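The values are calculated or read from the model by the stated rules, or taken from the named source; none is laboratory data. No experiment lies behind these values; they were computed from the predicted model shown. Ideal geometry is used to build each Cβ from the backbone, glycine not excepted, and the neighbour counts take in all protein chains shown.
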Amino acid sequence: MTDTERYTVIFQPSGSRGKVAAGTTVMEAARQFGVGIESTCGGRGICSKCRVEVGEGYFERFGLHSSMQNLSSTPEGEAAFFASKGLDPAVSRRSCLAQVQGSLVVFVPEESRTNRQIVRKGARELNIPIKPAVRHYYVEIAPPTLDDPLADWERLQNALSVQHGLPALSIDYHTLRELPHTLRTDRWRVTVAVWHQREVIKVTPGFVENTFGLAIDIGTTTIAAYLSDLETGTVVATESLMNPQVAYGDDVMARITHTLTHDDGLSVLHHLLVDGLNTVIARIADKANVAPQDILEVVLVGNTCMHHLLLNLDPRHVGLSPFTPVLHHSLDIKARELGFALHPATNVHFLPVIAGFVGADTVACVLAEQMHHQDEILLLMDIGTNGEMVLGNRERLVAASCATGPAFEGAQITFGMRAAEGAIEKINIDPLTWDVRYKVIGEDTWNDQLTGDYVQPRGICGSAIIDLGWELFKAGIVNAAGRFNANTTSPRLRRTNDGYAFVLVWADDTAIGRDITFNTHDMRALQLAKAAMYCAAKIMMRHLDVSDLKRVVLAGAFGSYIDKTRAMAGGLFPDCDLKTTYAVGNAAGDGARMCLLNVDLRAKADHLARSIDYIELTAEPDFDRLFADAIGIPHAEDSFPHLEPLFEKARRQRYERFVRSLPAFAPVPDRVLRQVVAAMREQFYRRRTSLFTADSSPDALYLLVDGQVNLVNNEQVQAEFQPGSWLSGRQLDEQQTAIVASRLAHVFVIPAEALAEVIAAVPELAQALER
């Protein structure tokens, strides 16, 4: 090994990656890539707050082999220390002491992160009848005597029947084992938790006032939990956690692949998820000052893959045609069967799945938005790593799942990150100057309004990534195909080895000491993600014979934080009246809470899951064409009548910026220039199409924006014109036959009348154009 050797280090779950020199500590590599790791002791190997876990084996999606052997040797006592804390010493290292000596995949545990994800999945108020599965009943029982030696369980059973009208109850075995001690603790006065009016699941000495239940939405990237009082429906605490499985794949197919390619793959992912849920349970209970043993009902939702991995069911057939799950119907299972750190008899209810990857979370969304009761056609979009969509009304509902990838979650984007402090969440680009305004999580105002000490940006999260699709196009930084505009002198746009990068924030203004950019690769990832959702919407509309949308509902981890205008303008979904387009936040979590609080809705969920028609998008004969069209910004073919004023304004601003960039137009006053811009139009010429011929009479000035055109005589190229050239037909003479596009040419056209007006105001322009 030489000092010049460099190795790839990939940090999960952030997805940040890069190459570092051999001998660099993992802590320093993290700092270089903007990954926050705790270091209370300042990197001296004392506090162990900087613990990381090293992935073992070949990671096919990264194309590298990661191993603890690719780090410097473990210091004496480190392994024993981690073992004493119940942590696996075989994968754990202090990042401040571990030096890189080979390629690595490094997972930063939640407790080691300095910038923990802000999962904004708050609970909204629900207006439903309260009818929980678990209720508490207080009873006072006459103790046994020699004259009345009835057994403890039958004595309690009789008391519940007489005092509360609950006959023929059964009792959970674990609860039965605890019963003798429990009954005698408070002189035969107990509170009994009864599940579905048929099974005693817990007996507590004395009087217990509150009954608690937990609703959990297990996302591919994020877990969100809501602790509720089952008597009042009140949410007493919320908690969230990044899904620990992200270390094994950003999306569901990557995780299914892991179960197929590793003998213990399913077991590893199952236990990771259980451990993650136990972390959520402990935190939310602590936050509400509630003992985990007092949480007596859980409702879980998630896509089909998450559903199967938690239940330890083989998910392979979900990812293979015909995409069949192991189980469609809802399921009730004891907490102890899953290894949950709750009362052993606590019931865990899984809502049903639909088909393919469209799972229980989608059923919950439909319930929450009451789509099955609507007269009007509604499109529900659950935006996340695995985008699920439902379209329809009370007459028929269709659903589809589209592989958006993790771009919306910040992964696969060079400076993408989760929604944590320092993440840019809103962005605006001036179309004339290309100056960038942004707002970061942790600050209430935009960057140009901040003074003193403030949170500096570390990267870009999902809501801003969606903004960028429109903002870059609006400003003319990218064209409708998503290609960057190379014809600029702006220092913000720079050429790179694999394309272009646009600087959003200069290094001096960031927390990571590097320019935060959005590049060609990032643009493509965004286009593919948004195209997947748009294409799915169009296919579902066709199945329902719907030509236009009446209502659109945006749900998901950051649905409430998406700018709906920019989202539609960037081509995330088809045209719709923005007045009937709205965000609802975590609809899946809302639906789970509804089923937690009212058991009748669980039967409704089962009915819905079997009545919603599933569409497998890739089976559509024209899927590839529809997807390709949706990659364009906002779309290659579709119109957006509701956004036409916005598009027209953006067009005029792009015209103005381009004309201002031409030296010949520099002397033109602003007022006159705007008059010219108002008269301009935009045209595209396909390859080998003539702009002018020798016998034509041009009546306009053509400004070449993109592409290339040639002066051609008898099919021989006499001259080439590059972007920034202006063409009027005067370049032709009797011997030269045409000006022809040699590849797709994008031109701005100034009509002769408008050109005459500007020349009248600035006579020297005529001479400049002649040259």
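Of note:
- The stretch 10-55 - residue that is among the β-branched types (Val, Ile, Thr) and surrounded by fewer than 17 Cβ atoms within 10 Å (Cβ to Cβ) and, of those, modelled with the highest pLDDT: 46
- Considering the stretch 420-478, and only residues there that are surrounded by fewer than 24 Cβ atoms within 10 Å (Cβ to Cβ) and polar (S, T, N, Q), the residue that is modelled with the highest pLDDT turns out to be 428.
- Only one entry of 256, 295 meets the criterion of being under 17 Å from residue 403 (Cα atoms) and in contact with a Gly (Cβ under 8 Å, 6 or more places away or on another chain), and that entry is 256.
- Residue 575 vs. criteria charged (D, E, K, R), outside any loop (DSSP other than H, G, I, E, B), out of contact with any strand residue (DSSP E or B) (no Cβ under 8 Å at 6 or more places or on another chain) and under 30 Å from residue 680 (Cα atoms): no
- Selection from the stretch 539-580 of residues that are out of contact with any Pro (no Cβ under 9 Å at 6 or more places or on another chain) and among the charged types (D, E, K, R): 542, 545, 550, 551, 563, 564, 566, 577, 579
Per-residue answers, yes or no, for (1) free of Cβ contacts under 8 Å to residues at least 24 places away in the same chain; (2) at positive phi; (3) outside any helix (DSSP H, G or I):
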{"residue": "594", "(1), (2), (3)": "no, no, no"}
{"residue": "603", "(1), (2), (3)": "yes, no, no"}
{"residue": "606", "(1), (2), (3)": "no, no, no"}
{"residue": "610", "(1), (2), (3)": "no, no, no"}
{"residue": "618", "(1), (2), (3)": "yes, no, no"}
{"residue": "626", "(1), (2), (3)": "no, no, no"}
{"residue": "637", "(1), (2), (3)": "yes, no, yes"}
{"residue": "651", "(1), (2), (3)": "no, no, no"}
{"residue": "667", "(1), (2), (3)": "no, no, yes"}
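- Residue count for the stretch 342-370, restricted to those that are within 19 Å of residue 598 (Cβ to Cβ) and either without any contact (Cβ under 8 Å) to a residue 12 or more places away in the chain or more than 26 Å from the chain's Cα centre (by Cα) (or both): 4.
- Qualifying residue in the stretch 332-341 (condition: without any contact (Cβ under 8 Å) to a residue 40 or more places away in the chain, within 26 Å of the chain's Cα centre (by Cα) and surrounded by 15 or more Cβ atoms within 10 Å (Cβ to Cβ)): no
- Flag if residue 302 is under 29 Å from residue 64 (Cα atoms) and touching a residue at least 60 places away in the same chain (Cβ under 8 Å): no
- Some residue of the stretch 266-285 being hydrophobic (A, V, I, L, M, F, W, C), out of contact with any Asp or Glu (no Cβ under 9 Å at 6 or more places or on another chain) and outside any helix (DSSP H, G or I): no
- Cβ-Cβ under 7 Å pairs, at least 6 apart or on other chains, the stretch 685-697 side at pLDDT below 75, far side of a type in the set (Gly, Ala, Ser) and part of a loop (DSSP other than H, G, I, E, B): 696/729
Each row is one residue, and each column tells you yes or no for (1) surrounded by fewer than 19 Cβ atoms within 10 Å (Cβ to Cβ); (2) out of contact with any helix residue (DSSP H, G or I) (no Cβ under 7 Å at 6 or more places or on another chain).
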site: 154; (1), (2): yes, yes
site: 161; (1), (2): yes, yes
site: 170; (1), (2): yes, yes
site: 176; (1), (2): yes, no
site: 193; (1), (2): no, yes
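- Among residues of the stretch 89-100, those that are part of a loop (DSSP other than H, G, I, E, B) and either within 14 Å of residue 56 (Cβ to Cβ) or at pLDDT 95 or above (or both), counted: 3
- Taken over the stretch 227-264, the criterion of being charged (D, E, K, R) and surrounded by fewer than 22 Cβ atoms within 10 Å (Cβ to Cβ) is satisfied by 229, 231, 263, 264.
- For residue 356, the conditions (1) within 28 Å of residue 407 (Cβ to Cβ); (2) out of contact with any Phe, Trp or Tyr (no Cβ under 6 Å at 6 or more places or on another chain) all hold with the exception of (2).
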